[in-house]
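One structure is given here, and the rest of the page talks about it.
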Amino acid sequence: MKESLKDKSYRLTDNRSGSTLMLMVGRKGNLTIMDEKKKTRRAIRHCPNQTSIYRDEQDSFAVVSPIIFEGGYIKVKGDQPMTQKFLNEHPSNKANGGEWFELVDDEMEAKESIENEELKIDLKYLVRQKSKEKDGIHALKAEVSVILGSVDQAGSKGIEELKQSLYNEIEANPDYFTDESGNPTIFDNDEVLRKYIVLKSIKDGVIRKSPNNKSIVWAKTKAVIATAPVGVDLVDYFTSYLSTDDGILVLEEITRRS
């Protein structure tokens with residue numbers, strides 16, 4: 001079935017949304033894309049009066065036309081299929097790995113927006129349910145401690161303040177509480193638990209940061225446990241270290257001394 005013709009809109013990406021841009025249209029024959037069917041790179045050229053975007057398939061009557069984004073957008077009507085095809089295949093299109101422009105897909109954006117809002121609802125529900133559990137406040141404090149990077153700040157909050165802190169973070173960055181597949185992992189994230197243990201152990205004096213803030217050491221003996229590479233956050237590095245074979249033994253010892 002032939003695809004029905006419809007208007008399409010394209011927009012410049014990132015901070016270019018307010019810009020005016022004249023796109024490369026292949027006038028000099030140096031704009032190429034990979035033709036997967038022929039397994040070779042081929043030059044494309046924007047010639048709306050032709051039946052192909054490929055330069056080698058265009059005839060001697062081909063007229064190269066400019067493509068200009070005004071105010072960051074361009075609307076291409078359904079009766080301009082070659083322009084739509086050219087933009088869809090253009091190497092600067094985000095869908096092709098480019099960085100300059102993208103197709104405005106209202107349906108997809110609506111779907112992503114709804115999924116994002118539903119994720120927030122699911123995460124807030126999990127927070128509410130956890131707050132109702134007998135010892136649920138401890139799980140809330142662990143999450144907030146890691147978010148704030150401070151056991152003391154989280155420890156001074158009541159259950160409603162803890163919920164509010166989590167709600168705020170969920171609104172700002174719901175993906176923080178999910179795995180790679182987008183499934184909620186709040187209260188079920190080993191990395192968060194390890195980081196909370198690190199923060200609490202520093203607060204309780206089981207371990208401490210070295211004077212130069214580069215290593216984690218045992219508080220009593222000052223023996224170095226692990227040293228973070230230059231430019232890497234010490235607590236984050238040590239948290240990841242605790243998941244290694246050597247780190248697991250250290251984690252067991254930390255837990256024993258706490």
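No value in this document is a laboratory result; all are computed from the given coordinates. As the structure is a prediction and not an experimental result, all values here were calculated from the model. Methodologically, a virtual Cβ is constructed for each residue, glycine included, from the backbone with ideal geometry; neighbour enumeration extends over all protein chains shown.
Karplus-derived 3J(HN,Hα) values for segment 24-33, using 6.51 cos²θ - 1.76 cosθ + 1.60 with θ = phi - 60°, are 5, 10, x, 4, 8, x, 9, 9, 10, 9 Hz; glycine and proline are entered as x. Comparing Lys120, Lys195, Lys77 in a Gaussian network model of the chain, where Cα atoms under 10 Å apart are tied by springs, the biggest mean-square fluctuation is seen for Lys77. Sorting 26-36, 134-144, 83-93 by their mean Cβ neighbour count within 10 Å, with the most densely packed peptide first, gives 83-93, 134-144, 26-36. Ordered by the number of other Cβ atoms lying within 10 Å of each residue's own Cβ, fewest first, Glu180, Glu102, Glu253 fall into the sequence Glu180, Glu253, Glu102. Looking at (1) 11.2; (2) 14.7; (3) 21.4, which value of mean projected area of the Cα convex hull in nm² comes from a calculation on the structure shown? Checked against the structure: label (3).
Summing charges over neighbours of Ile53, with a neighbour being any other residue whose Cβ is under 10 Å away from its Cβ, gives +2 when K and R count +1 and D and E count -1.
Charges were assigned to the Cβ only: +1 to each Lys and Arg, -1 to each Asp and Glu. The resulting dipole of the chain about its Cα centre is roughly 720 debye. The order of Val104, Val206, going from fewest to most other C-beta atoms within 10 Å of their C-beta, is Val104, Val206. Compute the Cα gyration tensor for segment 189-258, then decide on rounded, prolate or oblate, letting a ≥ b ≥ c be the square roots of its eigenvalues: rounded whenever a/c is under 1.5, prolate when a/b is larger than b/c in the other cases, and oblate in all that remain. Note, shape of segment 189-258 comes out rounded. Label segment 8-104 by shape, choosing from rounded, prolate and oblate, from the square roots a ≥ b ≥ c of the eigenvalues of the Cα gyration tensor; if a/c is under 1.5 it is rounded, and otherwise prolate applies when a/b is larger than b/c, oblate when it is not. Because a/c hits 1.5 or more and a/b exceeds b/c, segment 8-104 counts as prolate.
Each Lys and Arg adds +1 at its Cβ and each Asp and Glu adds -1 at its Cβ; summed about the Cα centre, segment 189-258 shows a dipole of about 460 debye. For segment 8-104, lysine pairs with C-alpha atoms less than 23 angstrom apart, excluding pairs fewer than eight positions apart on the same chain, total 19. Listed by Cβ neighbour count within 10 Å, with the fewest neighbours leading, Trp100, Trp218 appear as Trp218, Trp100. Per residue, the chain reaches -12500 deg cm²/dmol at 222 nm when only DSSP H runs of four or more residues are counted, each adding -39500 (n - 2.57). Gyration tensor analysis over the Cα atoms of segment 50-104 returns equivalent ellipsoid semi-axes of 21, 14, 10 Å (largest first, whole Å).
Cross-link partners for Lys124 among the lysines, with Cα-Cα distance under 29 Å and sequence neighbours closer than 8 places in the same chain left out: Lys111, Lys132, Lys134, Lys141, Lys157, Lys163, Lys195, Lys200, Lys203.
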